[in-house]
Amino acid sequence: MKTFCTRKAFGAIVLFLMAFTLIFVLRHMDILQPKVKSTIIKPSVSPHHIVNRSFCTFQPLSPQDALEERLILDSIAWPETPLLPSPISLEQTTDPAHSTFTILPGRKGGQWHVGDQLEVMIQTFDFQGRPKKSGGDFITARLHNRKLEAGVVGQVVDHLNGSYSAVFSLLWEGDALVEVTLVHPGEAFSVLDRLNKEQPDRIYFKSVFRSGSLSETTICDVCLRPTNQPLCNFTDLRTGEPWFCYKPKNLGCDTRINHFMGGAIQNISANEEKLFHSGVNLKVNIRASGPASVTLLPEKIGQLKVKSATVTSGPSGYYYQGVWRAVGGLTIHQFNTSAITQCLKGKAVHMYGDSTVRQWFEFLNVVLPGLKEFDLHSPKQAGPYISLDFANNILVTSRFHGPPIRIVTVSTSDLRYIANELDGLIGGPNTVVVFGIWAHFGTFPMEIYIRRLQSIRRAVVRLLDRAPGTLVAIRTGNPKFLNLFVSLTNSDWHSLQCNNVLRAMFKGLKVHLIDAWEMTLAHHLPHNLHPPPPIIKNMINNLLSYICPQKGG
């Protein structure tokens, strides 16, 4: 009887501790905290502290941030292309079917060794077969061996005269096949740039306002076209991130209950659509003029390595036997289930961002048998999510970034900006922060993305100042399947630009970048907004190798 009572008491204590832990975590995530509305009605004329550029709203920057923004915009400026005739004709635009690439000779005898670099010259032609005289095309290149499950991204250089160089680091023995792809012709970027400046609201958002039995729905955005209708100002009081809705006619601003994507408007001409034609000039491979592959010989001791003078940077990593290996610095370990558990034991992993970050949360839930998701009754895709491994003291959370959000309906109480969430963390050596934010900004001027990252960076700096042992990892954007709609609303070109901004913004900080761009581009599997499991597994191994650099198994 005494033993039974002791076991019963012990069980009650365990249940109490589990409940206490869960309540603590929920409060830490601010799920059980009371919500404070911070909405005010404002006229369509912006107050003095808000800058309206075109019809997008920006808060003014400090001189230092304004200079940084200008330098970043200059650094990612895309080469201009000659003006197209009106109406637009494809005849003078880049045609991948006419364009070619040529492998340039290597060392004497045409041999290449591991450790060398391979250079490819790409020459573009238009649809009439004439050589292009200007640059600006978006071209990607990779070197791969399907049998070895090996692949590496080439560094592409635009010579601004219709020719391009692609330079590959040679990292494995055996055959290597060159693949060169025209993602977009240069002429397409005048359309994409114009759309982001003139039609940033081509994907638009809505909110429902409700009080009792009365409800109204209005359009919301950071880019609202001026009307005589008053606005509800939902600018975040802490980060300054602007967001507005047209005020409902019969309800107050404080009755807003949700956020959702309202729809999309595709407002380009039929001739402009020709610049984004699948199978014609949208992610189409360019053929080789001569051999498309080389054989890589073993590295020789003391060999004079062949290096290109065209590029100074190399890839972040490469695949071999399906495993991602970093180039320089980090050793990426392979983590099985028990090794992942041991690595994360006693740690809290907080993930913030879009659905490409949520993939990592879902991956861990699947592979770790002890990690159990607690049902918060959150909308699918929207979150927030929380999982606990009580036995190993592992906490994993996932939360979407603040608007713009294109997914399912999100309650206003769940609209959180990453910077505010980071400010709510204690941090420390047992805290891991992961974020990725890029996929929902494809229709906006780049300034909006820059300012969001500036806000997040300030919060990262504050976090690392008060808790230097906190590990912060950032997931970059990745290439995806493209059709006309995706090209106009979330193109690979815009994703690449976001990645360049991200790298510039966090350069020099104690953060780790997970290069999802190269990890997707170098892989043989088709591109997808949500990369398939083999790529996600390599991303997780990359992350875990930062968390536990001495472990693996």
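The values are calculated or read from the model by the stated rules, or taken from the named source; none is laboratory data. Since the model is a prediction, treat every value here as computed from it, not as a measurement. Positions of Cβ are backbone-derived with ideal geometry, glycine not excepted, and every protein chain shown enters the neighbour counts. With ligands, DNA and RNA removed, areas are computed over all heavy atoms of the protein, side chains included. Shrake-Rupley method; radii C 1.70, N 1.55, O 1.52, S 1.80 Å.
In this structure, does GLY263 turn out to be surrounded by fewer than 16 Cβ atoms within 10 Å (Cβ to Cβ) and in contact with a Phe, Trp or Tyr (Cβ under 7 Å, 6 or more places away or on another chain)? Yes: the conditions hold for GLY263. Hey, GLU80 hits all of (1) closer than 30 Å to VAL191 by Cα; (2) surrounded by 16 or more Cβ atoms within 10 Å (Cβ to Cβ); (3) of a type outside the set (A, V, I, L, M, F, W, C) but one; which does it fall short on? It is condition (2) that GLU80 fails.
Name the single residue that is surrounded by the fewest Cβ atoms within 10 Å (Cβ to Cβ) among those in segment 529-553 being under 23 Å from LEU148 (Cβ atoms) and free of Cβ contacts under 8 Å to residues at least 60 places away in the same chain. Per the criteria, the residue is PRO532. All conditions in (1) open to solvent by 20 Å² or more (accessible area, probe 1.4 Å); (2) out of contact with any Leu (no Cβ under 8 Å at 6 or more places or on another chain); (3) not in a strand (DSSP E or B) hold for THR102, with the sole exception of (3). When SER207 is tested against the conditions (1) under 15 Å from CYS253 (Cβ atoms); (2) hydroxyl-bearing (Ser, Thr, Tyr); (3) open to solvent by 10 Å² or more (accessible area, probe 1.4 Å), the lone failure is (3). Taken together, ALA467, ALA504, ALA473 contain a single residue that is open to solvent by 30 Å² or more (accessible area, probe 1.4 Å), of a type in the set (Gly, Ala, Ser) and either over 22 Å from HIS523 (Cβ atoms) or in contact with a helix residue (DSSP H, G or I) (Cβ under 7 Å, 6 or more places away or on another chain) (or both), which is ALA504.
Going by the structure shown, is LEU330 assigned to a loop (DSSP other than H, G, I, E, B), touching a helix residue (DSSP H, G or I) at 6+ places or on another chain (Cβ under 8 Å) and modelled with pLDDT under 95?
Working: assigned to a loop (DSSP other than H, G, I, E, B): yes; touching a helix residue (DSSP H, G or I) at 6+ places or on another chain (Cβ under 8 Å): yes; modelled with pLDDT under 95: yes.
In short, yes.
With respect to LEU171, is the statement that it is over 29 Å from the mean Cα position of the chain (by Cα), surrounded by 21 or more Cβ atoms within 10 Å (Cβ to Cβ), in contact (Cβ under 8 Å) with a residue 60 or more places away in the chain and over 21 Å from ILE407 (Cα atoms) true? Show your work before the answer.
Working: over 29 Å from the mean Cα position of the chain (by Cα): no; surrounded by 21 or more Cβ atoms within 10 Å (Cβ to Cβ): yes; in contact (Cβ under 8 Å) with a residue 60 or more places away in the chain: yes; over 21 Å from ILE407 (Cα atoms): yes.
So LEU171 fails the test.
Scanning segment 210-229 for residues that are open to solvent by 20 Å² or more (accessible area, probe 1.4 Å) and either free of Cβ contacts under 8 Å to residues at least 60 places away in the same chain or in contact with a helix residue (DSSP H, G or I) (Cβ under 9 Å, 6 or more places away or on another chain) (or both) yields ARG210, SER211, GLY212, SER213, LEU214, SER215, GLU216, THR217, ILE219.
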